[in-house]
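Report on one structure; see the data block that follows.
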Amino acid sequence: MHHHQHLAAQVKQFLNSALAGSSIQPDKLLATQIRCWGFPEFDPANRAEYQGFFNYLIDVFAQRQWTIEPLLTSDSQVLVRFRISGYHHEEFMGLPATGAYLEFSSHILFRIREGLIDESWMYKKSLRMTTKKGSVFEFVPDAALIGNRLPRVQSACHRQDNVASGY
């Protein structure tokens, strides 16, 4: 059980460091080549691109806050629920910067080999935007496209007026 806790802590440390904009010591946490699937915008393929993805999130979400909730851990995998929110400062998932409050959440499955993250799958993605007037828009994946397993998921917009901005 101790090994499982160590892996979960390692992943959480990596995500917290990456989102804080601090040095993530890639040689101690990331494999040289990383296989990723389902990331918004692009799927990173190496350390530099992986770090670039998290730098991109830092740019998108001004005054960002995040949570990382470990869900399951095995001998070589860690599943987390990931949420990041803040003010929409840069284009994200095809949505031009709005200045609205934006929340992105997903599940991320990390595979660890020889102590390094070498694979990541991002799924169950959702994007929620709350305008300055309080309108809430939630972007959800199109079920027909998920069934076809297309690499990029199109989004449908569902408007919910007068809904609180939190989950």
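Scan (1) touching a helix residue (DSSP H, G or I) at 6+ places or on another chain (Cβ under 7 Å); (2) assigned to a strand (DSSP E or B); (3) buried (at least 18 other Cβ atoms within 10 Å of the Cβ) for the single condition residue 103 breaks and write down its number.
Of (1) touching a helix residue (DSSP H, G or I) at 6+ places or on another chain (Cβ under 7 Å); (2) assigned to a strand (DSSP E or B); (3) buried (at least 18 other Cβ atoms within 10 Å of the Cβ), only one is false for residue 103: (1).
Residue 75 fails exactly one of the following numbered conditions: (1) in contact with a His (Cβ under 9 Å, 6 or more places away or on another chain); (2) under 18 Å from residue 122 (Cβ atoms); (3) open to solvent by 20 Å² or more (accessible area, probe 1.4 Å); (4) not aliphatic (A, V, I, L, M). What is the number of that condition?
(2)
Could you say whether any residue in the stretch 12-32 is assigned to a helix (DSSP H, G or I), open to solvent by less than 40 Å² (accessible area, probe 1.4 Å), out of contact with any strand residue (DSSP E or B) (no Cβ under 9 Å at 6 or more places or on another chain) and of a type in the set (A, V, I, L, M)?
yes
Can you say whether residue 82 is open to solvent by less than 30 Å² (accessible area, probe 1.4 Å) and in a strand (DSSP E or B), as far as the supplied structure shows? Even if it seems obvious, please write down each step before you answer.
On the way: open to solvent by less than 30 Å² (accessible area, probe 1.4 Å): yes; in a strand (DSSP E or B): yes.
So residue 82 passes the test.
Just name the residue that is farthest from residue 60 (Cα to Cα) out of those in the stretch 86-114 that are under 13 Å from the mean Cα position of the chain (by Cα) and polar (S, T, N, Q).
Among them, the one singled out is 106.
Against the conditions (1) outside any strand (DSSP E or B); (2) at pLDDT 90 or above, where does residue 146 fall short? Just the number, please.
Exception for residue 146: condition (2).
The values are calculated or read from the model by the stated rules, or taken from the named source; none is laboratory data. Being a predicted model, the structure only gives us computed values, none of them experimental. All Cβ positions, even for glycine, are placed from backbone atoms using ideal geometry, and neighbour counts span all protein chains on display. Surface accessibility is based on the protein's heavy atoms, side chains included, excluding ligands, DNA and RNA. Shrake-Rupley method; radii C 1.70, N 1.55, O 1.52, S 1.80 Å.
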